[in-house]
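Student: Let me give you the structure first, and then I'll get to my questions.
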Amino acid sequence: LHDLRVPVLDAVPDDLPAHFDVILDAVFGFSFAGDVRPPFDGALRALRETRVPVMSVDVPSGWDVDEGDTSGDALRPDALISLTAPKRCAAHFAGAHYLGGRFVPPHIVERYALHGLPAYKGAEQVVRIA
């Protein structure tokens, strides 16, 4: 990231709206399990409390990939961006939901019974599903 001149912060700024228009949450992957521990608990608290719109990739940070927010303290983003197909936790998500990754190989569609994936218009790579 340094070579791309992307700033890497070691702490969440006190006044997020003064610094950011949107926040992309990709803190944890879909294999996250257990409780959120320091220093991530403080960062997620700041993201839960901000007025800046938060968009999560695949699974909101702190959520179980199947059951959603089992702790009650996980991130509640404004939007969810599912890659390839929605994960099971998306059934517990109430905000705007987008799907990206229109090219799913037929054997993957069959293996995971993904027959209900939405159609994409033209050359679009993202579709809103909720």
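The values are calculated or read from the model by the stated rules, or taken from the named source; none is laboratory data. Bear in mind the structure is a predicted one, so any value in this text is a computation, not a measurement. Note that we place each Cβ from the backbone using ideal geometry, even for glycine, and neighbour counts take in every protein chain shown. For the accessible areas, the whole protein counts, side chains as well, though only heavy atoms, and no ligand, DNA or RNA atoms are used. Shrake-Rupley method; radii C 1.70, N 1.55, O 1.52, S 1.80 Å.
Student: Report, by residue number, each residue of the range 74-130 that is hydrophobic (A, V, I, L, M, F, W, C), closer than 21 Å to residue 64 by Cα, open to solvent by less than 60 Å² (accessible area, probe 1.4 Å) and free of Cβ contacts under 8 Å to residues at least 40 places away in the same chain.
Tutor: 74, 79, 80, 85, 89, 90, 93, 96, 99, 114
Student: Check residue 24 against each of (1) of a type outside the set (D, E, K, R); (2) assigned to a loop (DSSP other than H, G, I, E, B); (3) open to solvent by 100 Å² or more (accessible area, probe 1.4 Å) and name the one condition it does not meet.
Tutor: (2)
Student: So is residue 35 under 19 Å from the mean Cα position of the chain (by Cα), open to solvent by 80 Å² or more (accessible area, probe 1.4 Å) and of a type in the set (D, E, K, R) or not?
Tutor: Yes: the conditions hold for residue 35.
Student: For the subset of the range 49-62 comprising residues that are open to solvent by 50 Å² or more (accessible area, probe 1.4 Å) and out of contact with any Asp or Glu (no Cβ under 8 Å at 6 or more places or on another chain), which member is nearest to residue 96 (Cα to Cα)?
Tutor: Here is the first cut: in the range 49-62, the residues open to solvent by 50 Å² or more (accessible area, probe 1.4 Å) are 49, 51, 53, 55.
Then keep just the ones that are out of contact with any Asp or Glu (no Cβ under 8 Å at 6 or more places or on another chain); that gives 49, 51.
Values: 49: 19, 51: 16 Å.
Checked the range 49-62; the qualifying residue nearest to residue 96 (Cα to Cα) is 51.
Student: Restricting attention to the range 63-73, which residues are open to solvent by less than 60 Å² (accessible area, probe 1.4 Å) and β-branched (Val, Ile, Thr)?
Tutor: 65
Student: Turning to a different aspect of this structure: Regarding the range 53-65, can at least one residue be identified that is assigned to a loop (DSSP other than H, G, I, E, B), of a type in the set (Ser, Thr, Tyr) and within 23 Å of residue 16 (Cβ to Cβ)?
Tutor: Yes; the residues of the range 53-65 include at least one that is assigned to a loop (DSSP other than H, G, I, E, B), of a type in the set (Ser, Thr, Tyr) and within 23 Å of residue 16 (Cβ to Cβ).
Student: Out of all the residues in the range 66-85, which are farther than 28 Å from residue 14 by Cα and part of a loop (DSSP other than H, G, I, E, B)?
Tutor: 66, 67, 84, 85
Student: Exactly one condition in (1) closer than 20 Å to residue 68 by Cβ; (2) outside any loop (DSSP other than H, G, I, E, B) is false for residue 34; which is it?
Tutor: (2)
Student: Quick one: how many residues across the range 85-121 are of a type in the set (Ser, Thr, Tyr) and closer than 20 Å to residue 31 by Cβ? Spell out how you get there, then give the answer.
Tutor: Kept after step one, since they are of a type in the set (Ser, Thr, Tyr), are these residues of the range 85-121: 98, 112, 120.
Checking the rest, the ones that are also closer than 20 Å to residue 31 by Cβ come to 112.
Adding up the residues that qualify gives 1.
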